[in-house]
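The values are calculated or read from the model by the stated rules, or taken from the named source; none is laboratory data. For clarity, every value in this text was computed on a predicted model and none was experimentally measured. Cβ: placed from backbone, ideal geometry, glycine included. Neighbour counts: every protein chain shown. Protein only, heavy atoms only, side chains kept; ligands, DNA and RNA dropped before computing areas. Shrake-Rupley method; radii C 1.70, N 1.55, O 1.52, S 1.80 Å.
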Amino acid sequence: MVEQHSSAAATAPPARECDVLIIGGGPAGATAGALLAQRGHQVTVLEKAHHPRFHIGESLLPANLPLLDKLGVADAVRAVSIEKWGAEFVSPWHAPSSQTFQFAEAWDKSMPHSYEVRRSEFDDILIRNAARKGAEVIEGCRVQAVAFDADHRGATVEAQHDNGRRQTWRARFVLDASGRDTFLGKKFDTKRRNPKHNSAALYAHFSGARRQPGKAAGNITVFWFEHGWFWFIPLADGATSVGAVVWPYYLKTRDKPLDDFFLDTIALCPALAGRLVEAARVTPVEATGNFSYACDQTHGPNYLLLGDAFAFIDPVFSSGVMLAMQNGFCAADTVDVCLREPARARAALKHFDRQARLGPKEFSWFIYRVTNPSMRDLFMGPRNVLRVKEALLSMLAGDIFGKTPIWGSLLVLKGIYYAACARHFKRSWQALRRRRANIRTLDEAAAVAGPGTP
């Protein structure tokens with residue numbers, strides 16, 4: 001038996017070597033892969049799917065544009081996009097019922113617009129760019145196991161190709177950009193449901209949806225309704241992405257096929273239903289539960305968690321792709337320091353941790369309160385006292401990582417919010433009680449699967 005084992009080991013293919021192995025080829029992984037390969041590191045990107053592939057999260061922020069320029073893909077992305085100059089919020093509890101925020105009115109006037117994109121096209125552009133920059137991109141290859149050396153010198157990564165073939169890599173550094181799979185978060189049991197937020201989503205694409213006229217045709221619209229909110233995202237080819245982000249209790253009430261339930265949900269929002277009167281659904285309705293989570297840690301001695309692999313809260317402000325790409329840039333700097341200057345690794349990892357937590361922290365304050373009546377009042381009747389509107393627009397544009405001095409004005413805005421809550425104490429207390437009930441943990445997976453599903 002010993003001889004047979006030795007013979008099998010002798011014929012097994014040797015582990016391939018690389019400096020950095022990246023799990024996942026979405027925006028975070030493709031961004032980091034391109035930048036690290038450009039700096040001369042040997043990079044392997046393992047992506048379980050084959051690009052192009054469908055993904056939600058089609059609305060980019062103005063802060064994405066400088067990142068696209070630095071990656072050298074701005075022209076390619078522009079060619080498949082529709083321009084997004086602002087964001088419209090629609091409320092059934094206010095008159096007028098619509099309020100549009102123009103990015104050109106933000107603190108920094110140099111980022112007046114962004115894009116709406118099909119993620120299949122956008123992500124494909126990013127991962128092909130990583131390959132052009134020198135990263136080895138392997139699609140249809142799912143990581144099965146990662147074992148880190150006790151002395152932190154590297155890791156052994158085992159993966160399986162679509163055809164069943166197994167392959168092993170030795171890497172000095174591992175980046176988890178696996179999105180909601182959160183591969184390392186699950187491995188180390190650090191992924192946690194977000195106790196402050198809990199939501200589920202239903203979504204599909206439509207043709208023939210009525211858009212806003214002229215320059216505003218590409219703007220995203222957020223519709224509030226009783227059970228959460230809707231997104232309405234126009235795409236360049238005429239399709240429109242429509243999704244409902246709802247409290248888990250609402251999804252739990254489903255007693256009919258998902259397609260019918262989604263249409264019934266749209267009917268609860270007359271403003272949105274009016275935009276879809278002549279529209280036809282062109283993709284299946286999909287749903288996902290357990291939408292909000294975070295991992296306890298962003299990094300270890302020779303690994304980082306990027307983008308959704310670390311945390312995801314709620315897509316209401318379209319921050320996901322921007323935060324993922326920003327993580328990719330910061331990760332490339334961090335890994336470069338760790339591999340070339342080990343004496344500076346500890347400081348680099350601390351900096352990465354601060355940056356990775358900054359985005360979810362700043363956006364989450366608003367996300368947790370976006371359905372509160374006092375916050376809706378601020379969005380539907382914005383004023384620029386002490387530049388609070390400009391600061392809010394900068395946050396909505398994703399301008400939170402640079403030197404734009406928005407933080408004092410955001411503190412003033414938060415103070416205005418708390419004062420409004422105190423002024424309407426009874427309403428605020430009732431809203432708080434409703435929110436606590438809304439975010440209670442339910443079996444969203446069963447609700448998504450539907451009644452009678454085993």
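Some observations on this one:
- Test: residue in region 196-206 that is more than 28 Å from residue 85 (Cα to Cα), assigned to a helix (DSSP H, G or I), open to solvent by less than 30 Å² (accessible area, probe 1.4 Å) and out of contact with any strand residue (DSSP E or B) (no Cβ under 7 Å at 6 or more places or on another chain): no
- Top-ranked residue in region 211-234 [being surrounded by fewer than 21 Cβ atoms within 10 Å (Cβ to Cβ) and part of a loop (DSSP other than H, G, I, E, B); ranked as nearest to the chain's Cα centre (by Cα)]: 227
- Some residue of region 346-353 being touching a His at 6+ places or on another chain (Cβ under 6 Å), modelled with pLDDT of 95 or more and part of a loop (DSSP other than H, G, I, E, B): no
- Residue 371 under 25 Å from residue 113 (Cβ atoms) and among the β-branched types (Val, Ile, Thr): no
- Flag for residue 316 being closer than 28 Å to residue 31 by Cα, out of contact with any His (no Cβ under 8 Å at 6 or more places or on another chain), part of a helix (DSSP H, G or I) and among the β-branched types (Val, Ile, Thr): no
- Residue in region 362-383 that is at positive phi, not in a helix (DSSP H, G or I) and not acidic (Asp, Glu) present: no
- Selection count where residues are assigned to a helix (DSSP H, G or I) and open to solvent by less than 50 Å² (accessible area, probe 1.4 Å), scope region 265-274: 6
- Unmet requirement for residue 66, which otherwise passes all of (1) open to solvent by less than 60 Å² (accessible area, probe 1.4 Å); (2) within 22 Å of residue 179 (Cβ to Cβ); (3) out of contact with any Lys or Arg (no Cβ under 6 Å at 6 or more places or on another chain): (2)
- Among the residues examined, residue 422 does not qualify as at pLDDT below 95 and open to solvent by 10 Å² or more (accessible area, probe 1.4 Å).
- Filter pass, residue 277 being open to solvent by 10 Å² or more (accessible area, probe 1.4 Å), outside any helix (DSSP H, G or I) and of a type in the set (Val, Ile, Thr): yes
- Answer residue from region 376-403, given it is free of Cβ contacts under 8 Å to residues at least 40 places away in the same chain and β-branched (Val, Ile, Thr) and is farthest from residue 220 (Cα to Cα) among those: 385
- Region 145-195, subset assigned to a strand (DSSP E or B) and aromatic (Phe, Trp, Tyr), residue most open to solvent (accessible area, probe 1.4 Å): 148
- Residue 336 being modelled with pLDDT of 95 or more and buried (at least 17 other Cβ atoms within 10 Å of the Cβ): yes
- Set 208, 243: member being among the small types (Gly, Ala, Ser), more than 24 Å from the chain's Cα centre (by Cα) and within 21 Å of residue 57 (Cα to Cα): 208
- There is no residue in region 401-410 that is farther than 21 Å from residue 311 by Cβ and touching a His at 6+ places or on another chain (Cβ under 8 Å).
- Remark: pairs (first residue in region 134-160, farther than 17 Å from residue 37 by Cβ and of a type in the set (Lys, Arg); second residue open to solvent by 40 Å² or more (accessible area, probe 1.4 Å) and not in a strand (DSSP E or B); Cβ separation under 9 Å; 6+ apart in sequence or on different chains) = 142/48; 142/162.
- One residue from 37, 49, 87 being surrounded by fewer than 18 Cβ atoms within 10 Å (Cβ to Cβ) and touching a residue at least 40 places away in the same chain (Cβ under 8 Å): 49
- Residue, nearest to the chain's Cα centre (by Cα), within region 105-141, restricted to residues that are under 17 Å from residue 28 (Cα atoms), open to solvent by 30 Å² or more (accessible area, probe 1.4 Å) and of a type in the set (D, E, K, R): 118
- Members of region 327-382 that are touching an Asp or Glu at 6+ places or on another chain (Cβ under 7 Å) and either closer than 19 Å to residue 22 by Cβ or among the basic types (Lys, Arg) (or both): 339
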